[in-house]
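Worksheet: the structure to be examined is printed underneath.
The values are calculated or read from the model by the stated rules, or taken from the named source; none is laboratory data. Everything quoted here is computed from the prediction, not taken from an experiment. When we count neighbours, we look across all protein chains shown, and the Cβ atoms used for this are built from the backbone with ideal geometry, even at glycine.
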Amino acid sequence: MYSSACRLAAKPARFGRVNRRAACVVLSALASAAAARADGDSSGDLERMRGAFRLGPSMAADDAWWMTARAFTNMDTMDGVRPVFGGGENAEGGGFSWSTPRRGPISNPDAAGAFDSPLQPLVNPVRNGLAALRDVGIRADVYEALTFGAASDTIAGSRSSFGTGRFNARIDVLLFREEGEGIGRFTAQVRQNNFWPGDEGDVSASTGSSVYLNALRGFYDTSITRCSYAQSFADDRVVVTAGKINPGDFSALNIFASDEATQFMGLIFDGNDALPVPYLSYTPGVAVQALALDWLYLSGIVGSADGATDTGLDVDLERGMFAAAEASVLFEWLGMPGRVGATWVGSTVGSAELADPALPEIWGNALFVCGQYFVVEHVGVWAQYAASDEDVAALTQSELAFGVTVDDCFGRKGDGCGLAAGWAKPIDPAVQGEQFMIESYYRLQATGLSQVSLDVQMLAPSASSEVDDPTLVGTLRWVVRF
């Protein structure tokens, strides 16, 4: 699979010194690795967060606000799970039961869907088993995501239709919880990708887009995306994580646009295409998160560039390094929470250096700023901007995006919709032009097992002069989650 980023291989200054096919592979790999910055069931995550801030309207340092702050900053304390080695109680308890009804997924049990699932008799024992695992310290998330789509206009000779599949399995093991101190957590995640019809099915390349349009489309067949240990301190206000990580879990995170399985699919909205190559990858690294004050979130990351090309747990620190730091202000306005922050990323590696490690190291900087706010309980608005030095930028040099998301539409748990608009500046204007883009989706919780989304993207214009203006990309997304 080669994304539209492959056309950057024609860039004369740096790519002339490397094998262009290798450069295409690396760029495509980073695009798929960049997906799912804090991937999970976003509707369930937001529902728990709203439950936290409903408990109290004041920004005082009480339990309700700390729960809200941790949800906004992705500081996971595994509430409702009993530790392996004791020290806490399960919110449910009771062990395994065949008969306990569970119509909704484990991550969002109230999302029972508009229709009864014919597979419910088979699914129910599985969900009861997953719930029982929480009694022994294990939280699991298992889903299959499929997409089927088509573009209204493509580059001559390119396919206009495509299909993708992703199987994702993640476990988090809560090893211990010390009240007033913190927790210890082990995380492992495996992902398997399929795409049809093979290398020709990349809608980004077919439409000439500088933006990666289907973040659910992976490059590697099977890969280990996360394998890490995290420990919190100071009553869960400081978390240190080490292992194979996704840097986007810790900084440059937009909770309203961070999960391509349930929210936006274009990488300009599901994160961005601009931050440096290694930052957008699942890669070996160490991250520190801190709620320094009840209104101040700080994070720092140091990681390797190896993750952009590594599917396992091999560590090659000679491939280059990156560092990132974020400062965010958490606030409450009109009784609703919000967050405004800025992230700096510095990298010694660009796409050319990953394709050919013999090239000399470089240095480049990038900046990401983001604001996000709940207007009312179920409606969030957000805006973000990212820019990178040309030598370390991923697929674009800069991007601007803003949007609105609505969850539990029409009072139905699990339903949701979103509308976003964005602009992207290419790395090399001689190869691609500027691109404007709009994306909208509606997510229907069809049954307690299945979510079905219709996603529409409009490129106006596409970054390629070979594609007429405007171009529409329509995608049907189906997610099955236990």
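The set of residues in segment 382-403 being assigned to a strand (DSSP E or B) and touching a residue at least 40 places away in the same chain (Cβ under 8 Å) consists of Trp382, Gln384, Ala386, Ala387, Ser388, Thr396, Gln397, Ser398, Glu399, Ala401, Gly403.
Each residue in segment 172-207 was checked for being under 19 Å from Asp135 (Cβ atoms), of a type in the set (A, V, I, L, M) and either surrounded by 18 or more Cβ atoms within 10 Å (Cβ to Cβ) or modelled with pLDDT under 85 (or both), and 3 pass.
Rundown of residues vs (1) among the charged types (D, E, K, R); (2) outside any strand (DSSP E or B), yes/no style:
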residue: Gly418; (1), (2): no, no
residue: Met437; (1), (2): no, no
residue: Arg443; (1), (2): yes, no
residue: Gln457; (1), (2): no, no
residue: Ser462; (1), (2): no, yes
residue: Val479; (1), (2): no, no
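If you filter segment 321-365 down to residues that are modelled with pLDDT of 85 or more and among the hydroxyl-bearing types (Ser, Thr, Tyr), you find that the one that is nearest to the chain's Cα centre (by Cα) is Thr343.
Considering (1) part of a loop (DSSP other than H, G, I, E, B); (2) crowded, with 16+ Cβ neighbours inside 10 Å, the lone condition that Gly157 does not fulfil carries the number (2).
When you look at Phe368, is it modelled with pLDDT of 85 or more, surrounded by 15 or more Cβ atoms within 10 Å (Cβ to Cβ), of a type in the set (Phe, Trp, Tyr) and farther than 18 Å from Ala274 by Cα, yes or no?
Details: modelled with pLDDT of 85 or more: yes; surrounded by 15 or more Cβ atoms within 10 Å (Cβ to Cβ): yes; of a type in the set (Phe, Trp, Tyr): yes; farther than 18 Å from Ala274 by Cα: no.
Taking the combined requirement at face value, the residue does not satisfy it.
Picking from residues in segment 212-226 that are out of contact with any Ser or Thr (no Cβ under 7 Å at 6 or more places or on another chain) and assigned to a loop (DSSP other than H, G, I, E, B), the one that is nearest to Asn193 (Cα to Cα) is Asp221. Whenever a residue of segment 229-249 is at positive phi, its partners that are assigned to a strand (DSSP E or B), lying with C-beta atoms within less than 6 angstrom and at least six residues away or across chains, give the pairs Asp236/Gly182; Gly243/Cys227; Gly243/Ser228; Gly243/Tyr229. For the criterion of being in contact (Cβ under 8 Å) with a residue 40 or more places away in the chain, touching a Lys or Arg at 6+ places or on another chain (Cβ under 9 Å), part of a strand (DSSP E or B) and surrounded by 15 or more Cβ atoms within 10 Å (Cβ to Cβ), Leu130 fails.
Okay, residues lined up against (1) crowded, with 22+ Cβ neighbours inside 10 Å; (2) touching a residue at least 12 places away in the same chain (Cβ under 8 Å); (3) farther than 30 Å from Ile106 by Cα; (4) in contact with an Asp or Glu (Cβ under 8 Å, 6 or more places away or on another chain):
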position	(1), (2), (3), (4)
Val406	no, yes, no, no
Trp423	no, yes, yes, yes
Glu439	yes, yes, no, yes
Arg443	yes, yes, no, yes
Arg477	yes, yes, no, yes
Val480	no, yes, no, yes
